[in-house]
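Chemist: Dumping the structure here so I can ask a few things about it.
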Ligand SMILES: C[S@@+](CC[C@H](N)C(=O)[O-])C[C@H]1O[C@@H](n2cnc3c(N)ncnc32)[C@H](O)[C@@H]1O
């Protein structure tokens, strides 16, 4: 496996990130039920694996990109379908995912330790102008979500971090302790779809004057007072999602990525995208349907919609009942597949 990406300066940032992370030892177990009788430790269970691989229509000699390597489940399945001359480029911005990639001894795989918003730039750096397929599996991995020290978990106490990788400009604590009530309201309302976003943002601002928020427990103590009765966990998840999206600028990054896809894909090249909430899915749906993020149709003189990509299926694919039974995280997943015209 070849590994490229961060410069020396970024390496320093990565070391710093590791230092912070090592102060907060992992206190969780990652297990998944494979059958009634066996338990298997795992980093992440890949969602709609077969559906994604079928959607990519892999050519043995083709060049493919997995922009969200994570635990490498999708990447390994792509490698299995590739012949000796095929190539796979995999992006991830998380050093924990890089460790997973290092376990794969395969010359056809190149790991790019960078944000996928730089898709075109890094492929060009490798002399690749166009590829046969791109796979994206947005959001965080189970490993990131369950690791207390990363600050994504609503279950285990940890520092208010939530950065997916060392290049994020601020962490969750920076945002909760420094953003104005108005900006926090916007984030909770738009990214978390929280109904009482105004009250929540005002209480955060009030509480932080007494003591800055440092841990996920500090944040939860505020949330629990404002959560609808018996819906506390959903409320926690919505508020954490909102801050996570802001920390990692997730929607802006997806927009940048989508706009590069038609340039990077060959004609007939496939795009397979797994999204996990309506904000992500709306961007993907709009882009495939209209060629722009806003979803505004532009037509030529004959009334044909001007768009670079065509949907393979009219509706998104969702997880099968069988998958839902063994992996509850597949519940909210939507897979959209398109090809370049
Ligand atoms: C849902 S997991 C992917 C799981 C993977 N498909 C598998 O089968 O194991 C998402 C991964 O993408 C990474 N990621 C998310 N956004 C990213 C971005 N903008 N640039 C690079 N990596 C990103 C995360 O760090 C995480 O490891």
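Chemist: Distances longer than 18 Å among the Cα atoms of the range 157-249: what percent of all pairs is that?
Modeler: 37
Chemist: Rg and Dmax of the range 244-290, Cα atoms, in Å?
Modeler: 11.4, 35
Chemist: Return one quarter of the surface area of the convex hull spanned by the alpha-carbon atoms of the range 52-185, equal to its mean projected area, in nm².
Modeler: About 9.7 nm², averaged over all directions.
Chemist: I'd like the distance between the alpha-carbon centres of the range 150-196 and the range 198-235, rounded to an integer number of Å.
Modeler: The two parts, judged by their Cα centres, are 12 Å apart.
Chemist: When each pair of different Cα atoms in the range 108-210 is counted once in the 1/r mean, what is the Kirkwood radius in angstroms, to one decimal?
Modeler: Hydrodynamic radius (Kirkwood, Cα only) of the range 108-210 equals 16.6 Å.
Chemist: Can you give me the angle between helix 197-210 and the longest principal axis of the chain, using Cα atoms only, in degrees from 0 to 90, rounded to the nearest 10?
Modeler: 60
Chemist: What's the Kirkwood radius of the range 240-341 in Å, using all Cα pairs?
Modeler: Here the Kirkwood hydrodynamic radius works out to 14.8 Å.
Chemist: What per residue convex hull volume, in Å³, comes out for the chain when only alpha-carbon positions are used?
Modeler: 156
Chemist: In degrees between 0 and 90, to the nearest 10, how far off the longest principal axis of the chain does helix 250-264 point, with axes built from Cα atoms?
Modeler: For 250-264 against the chain, the angle is about 10 degrees.
Chemist: Using only DSSP helix segments of four residues or longer, with each worth -39500 (n - 2.57), what per-residue ellipticity at 222 nm results for the chain after dividing by its residue count and rounding to 500?
Modeler: Here the helix-only value at 222 nm equals -12500 deg cm²/dmol.
Chemist: Ok, one more. Give me log10 I(q)/I(0) at q = 0.19 Å⁻¹ for the range 141-199, Debye formula, one equal scatterer per alpha-carbon, no solvent.
Modeler: So the normalised log intensities work out to -0.80.
Chemist: Calculate how many DSSP beta bridges within the chain are antiparallel, expressed in % of all such bridges and rounded to the nearest 5.
Modeler: So the antiparallel bridges amount to about 45 percent of the total.
Chemist: What do you get for the angle between helix 216-226 and the principal long axis of the chain? Use alpha-carbon atoms, 0 to 90 degrees, nearest ten.
Modeler: 70
Chemist: Where does each of 300-311, 235-246, 122-133 land if you order them by average Cβ count within 10 Å, highest first?
Modeler: Top of the packing list down: 235-246, 122-133, 300-311.
The numbers here are math on the coordinates, done by the rules we state, and not lab data. All of these numbers come straight from a predicted model, not from anything done at the bench. Positions of Cβ are generated from backbone atoms using ideal geometry, with glycine treated the same way; all protein chains shown enter the neighbour counts.
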